[in-house]
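One structure is given below, encoded as structure tokens.
Computed from the coordinates by the stated procedures, all read-outs in this text should not be read as laboratory data. No experiment lies behind these values; they were computed from the predicted model shown. Here the Cβ is made from the backbone with ideal geometry for all residues, glycine too, and neighbour counts use every protein chain on show.
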Amino acid sequence: MKTVLDCMESGTQYLEKRGVEDARSNMQWLMGFLLGLTRIQLYQQFDRPMEEGELAPLRDLLKKRGEGVPLQHLLGTVEFLRREFLCDGRALIPRPETEELAEAVLKREFPRPARILDMGTGSGVLGLSIAAELGEACRELVLADLCPEALGLARENAARHGLIPTILESDLFAKVEGRFDLIVANLPYVSETDRDGLSREVGHDPDLALFSGKDGLDAYRRFLPEAAKRLERNGLIAFEFGIDQASTLSQLTRAAGLTECELLPDLSGIVRFAFCRPPISP
Ligand code: GLN
């Protein structure tokens, strides 16, 4: 007879052998998910015998995780800025760095109640969590994306949090009207040269959400000049990018006429976020 603890131990070893990072933590999440228990409840029930019916689904989850299916896809949810969102292959898995971007945006000034745009929204987590935090201080939230499947997921996430955004299937600004007090974006920025170095897990994110031309910056090249024209007075644009892209992006923001460009590193010290103000009007 196997206990919860036995399964935790053998599952952790199984995942370690298959090169899964943070195998123990992954195992805790999977066991909690399977048994419907929180982490603390899991610890309290270490000695409880596993039921026969629980073993087959556990084996199935372990097999998939061992093959590189991301934990977030197996759980079907992800936590972002203290809220739970649905997560599947329709959009990029939300990254912890993007939570940092959301936190930083909330600390900065922009006109309120704000009209907000999340460009390339994917699962919607960035725009939705900012809107949820702002409450009444968000006048309208627009979620735009090129990918209809991603927008389906964003719509489900909006409903889950009782938010009613305007959802637009649009190639960047093609279908987006008007100006905004806040524009946020986490557009694809991975370069073609980095494609081969990505982890097995990242292979489960949609290509469209990751790649954007040779140096990864094609989407930002098209986005920034138009975004600059769509900012209200005293508005803010905030976006995320990758390692070693800060200097090219500074040039692009300047060429777009954006002002007061502030660059910010993420928690691991990589300069990853930019905040800019609208062009000075004549
Ligand atoms: N940060 C993601 C990665 O490491 C890329 C996200 C993006 O392209 N916007 O793969």
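Between 170, 212, 25, the GNM of the chain built on Cα springs shorter than 10 angstrom shows 25 fluctuating the most. When the convex hull of its Cα atoms is viewed from all sides, the chain shows a mean projected area of 15.7 nm². Remark: the range 86-158 carries a charge dipole of roughly 220 debye about the Cα centre, counting +1 on each Lys and Arg Cβ and -1 on each Asp and Glu Cβ. Taking a ≥ b ≥ c as the square roots of the eigenvalues of the alpha-carbon gyration tensor, the range 71-196 is classed rounded because a/c is under 1.5. Histogrammed with a bin width of 5 Å, the alpha carbon distances of the range 1-154 distribute as 2, 9, 16, 17, 14, 12, 10, 9, 6, 4, 1, 0, 0 percent, first bin at zero.
Across all directions, the average projected area of the convex hull around the alpha carbons of the range 123-271 is 9.5 nm².
For the range 71-121, the Kirkwood hydrodynamic radius comes to 12.6 Å, computed from all pairs of different C-alpha atoms.
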